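Enquirer: So that we are looking at the same thing, I have put the structure below in structure tokens.
The values are calculated or read from the model by the stated rules, or taken from the named source; none is laboratory data. Predicted model, so just to flag it, every value in this text is computed and none were measured. So basically every Cβ, Gly included, is an ideal-geometry build from the backbone, and we count neighbours across all protein chains shown. Just the protein is used for accessible areas: all its heavy atoms, side chains included, with ligands, DNA and RNA removed. Shrake-Rupley method; radii C 1.70, N 1.55, O 1.52, S 1.80 Å.
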Amino acid sequence: QYRFETEKYRADIVVPGIESSQAAELADRLNAKYLAEGRELYAKFMAEMEEMKQAGDGHLSVSSGYIVKTDNEQILSVGRWVVTAMGSASNEIKYDTIDKQNQLLITLPMLFKDDDYIEIISENIKAQMREQMAAGEGMIYWLPETVDDLTWAFDAIAPDQAFYITDDGKLVISFDEAVVAPAYMGIVEFTIPTEVIADELVSDEYIH
């Protein structure tokens with residue numbers, strides 16, 4: 001954990017650590033990555049703080065931590081979040097999903113036969129966005145019908161889009177704050193119905 005606090009500047013960075021007798025080698029690699037991320041985040045905070053001090057004014061707050069989304073006999077899904085406040089706030093999260101039995105870090109492309117999953121998942125997410133906007137006040141997503149500048153409109157997920165697998169074997173796609181919706185909606189997630197992607201999956205070992 002990295003901590004620093006003055007009247008105008010604050011950092012509270014919590015680095016997760018994985019202990020696993022099943023996947024010790026993989027856990028060691030991930031822990032090294034998490035430590036490097038924590039150090040880099042703290043170093044960035046200190047550098048930005050010094051720049052603000054040199055400029056004569058400013059406020060900066062950085063906090064980070066982790067959330068365990070799934071931890072069962074086979075799957076561990078861990079999210080590492082970062083909130084940065086410098087005038088306005090930003091909120092982002094990264095996920096790692098691990099097959100503990102096979103000591104494997106699961107990637108999104110690994111789950112599918114080919115890259116057709118990108119369009120299929122993206123179209124389902126757009127449909128979910130429209131359903132949510134129709135059903136709830138204050139729900140806004142950046143789609144062609146809601147933005148003046150189409151370059152802001154959500155088109156497709158990234159091939160390595162942030163994701164995790166739930167305890168009951170569902171795929172959840174995650175977007176950082178202000179990527180596909182206004183910042184006040186925070187980090188947004190979409191659970192993809194398995195029947196939508198079933199034909200594209202390599203197997204039903206993880207997603208079912």
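Enquirer: Taking the conditions exactly as written (crowded, with 16+ Cβ neighbours inside 10 Å, in a loop (DSSP other than H, G, I, E, B) and of a type outside the set (Gly, Ala, Ser)), does TYR117 satisfy them or not?
Expert: For TYR117, the condition - crowded, with 16+ Cβ neighbours inside 10 Å, in a loop (DSSP other than H, G, I, E, B) and of a type outside the set (Gly, Ala, Ser) - is not met.
Enquirer: Evaluate the following for ILE120: is it of a type in the set (A, V, I, L, M, F, W, C), under 20 Å from GLY79 (Cα atoms) and touching a helix residue (DSSP H, G or I) at 6+ places or on another chain (Cβ under 9 Å)?
Expert: no
Enquirer: What tally of residues in the range 142-178 results from selecting those that are outside any loop (DSSP other than H, G, I, E, B), over 12 Å from VAL188 (Cβ atoms), open to solvent by less than 60 Å² (accessible area, probe 1.4 Å) and hydrophobic (A, V, I, L, M, F, W, C)?
Expert: 3
Enquirer: Where residues in the range 80-112 are open to solvent by 60 Å² or more (accessible area, probe 1.4 Å) and either in contact with a helix residue (DSSP H, G or I) (Cβ under 6 Å, 6 or more places away or on another chain) or among the aromatic types (Phe, Trp, Tyr) (or both), which of them is farthest from SER21 (Cα to Cα)?
Expert: Per the criteria, the residue is TRP81.
Enquirer: GLN1 - would you say it is touching a Lys or Arg at 6+ places or on another chain (Cβ under 6 Å) and open to solvent by 60 Å² or more (accessible area, probe 1.4 Å)?
Expert: Here the answer is no, as GLN1 does not meet what is asked.
Enquirer: May I pose another question? Every residue in the range 179-208 that is outside any loop (DSSP other than H, G, I, E, B), of a type outside the set (S, T, N, Q) and under 20 Å from PRO109 (Cβ atoms), please.
Expert: Once the filter is applied, which keeps residues that are outside any loop (DSSP other than H, G, I, E, B), of a type outside the set (S, T, N, Q) and under 20 Å from PRO109 (Cβ atoms), the range 179-208 yields GLU189, PHE190, ILE192, VAL196, ILE197, ALA198, ASP199, GLU200, LEU201.
Enquirer: Just give me the residues in the range 179-193 being open to solvent by less than 20 Å² (accessible area, probe 1.4 Å) and either over 23 Å from SER88 (Cα atoms) or touching a Cys at 6+ places or on another chain (Cβ under 6 Å) (or both), in sequence order.
Expert: PHE190, ILE192 - these are the residues of the range 179-193 that are open to solvent by less than 20 Å² (accessible area, probe 1.4 Å) and either over 23 Å from SER88 (Cα atoms) or touching a Cys at 6+ places or on another chain (Cβ under 6 Å) (or both).
Enquirer: Okay, moving on. Between LYS126, LYS53, which is open to solvent by less than 40 Å² (accessible area, probe 1.4 Å), more than 25 Å from LEU30 (Cβ to Cβ) and not aliphatic (A, V, I, L, M)?
Expert: LYS126
Enquirer: Among the residues of the range 1-25, which ones are under 20 Å from the mean Cα position of the chain (by Cα) and in contact (Cβ under 8 Å) with a residue 60 or more places away in the chain?
Expert: PRO16, ILE18
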